[in-house]
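Contents: one structure, followed by commentary.
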Amino acid sequence: MGGGRPATVGPHQDNALRADRPRPALGRSRACAMMRAMGDHCPCGSGDPYADCCGRLHRGTSTAATAEQLMRSRYSAFVVGDRDYLLRTWHPAHAPSELELDDALRWVRLDVTDVRRGGFLDVDGEVEFTAHYRNDGVRGVQRERSTFVREGGRWLYVDSAD
């Protein structure tokens, strides 16, 4: 997805749910309620408290050490509705000018199915995942192989390799 265009997406480009209609942003109060319902466990699946896991990355007090960690933190950002983090971690050459999140979409589980490169010494990587969601009570999945690059010591989401 090229820069300069508005996007409505799920984790990353969301090929399964792309739509032309505008969607409302996820409100902070709903995000807080979702975190309470999860027992404050991080949505990325680590089992750690959100504040000590992806919350550190979302707040900007830490950066992702690997492409997989960035992908997991971006998934968590979709869960909690952190639009700013999603845009901040999207490669500028591929980032949309605007990002709207679907308030009816509830992300319920992330499964990382494959990781290629993207480690501490790599400059690029790919992470394949399946993200499970509910949209107005209907279950669905999004599968994607995402590409990442490290620039200036920071991992950035590029796009879907699919």
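Brief remarks follow.
- Whole-Hz Karplus values for segment 70-81 come out as 5, 4, 5, 5, 5, 4, 4, 5, 5, 4, 8, x Hz, taken residue by residue from phi with 6.51 cos²θ - 1.76 cosθ + 1.60 and θ = phi - 60°; glycine and proline positions read x.
- Relative exposure of TRP155, TRP107, judged by other C-beta atoms within 10 Å (fewest first): TRP107, TRP155
- The string of couplings for segment 103-120 from the Karplus curve (6.51, -1.76, 1.60, θ = phi - 60°) is 5, 7, 8, 10, 7, 10, 6, 10, 10, 8, 9, 6, 9, 10, 6, x, x, 4 Hz, one whole number per residue in order, with x for Gly and Pro.
- Taking amide H positions as modeled 1.01 Å from N, with prolines and chain starts lacking one, the residues under 5 Å from VAL108 and 5 or more places away or on another chain are HIS132, TYR133, ARG134.
- Long-range HN-HN contacts of TRP90 with modeled amide H, under 5 Å: TYR157
- Global size of segment 46-116 as Cα Rg and Dmax, reported in angstrom: 12.3, 33
Since every read-out is calculated from the coordinates, none of them should be taken as a lab result. The shown structure was predicted, so the numbers you read here are calculated from the model rather than taken from an experiment. FYI the Cβ positions are ideal-geometry reconstructions off the backbone, even for glycines, and counts take in every protein chain you see.
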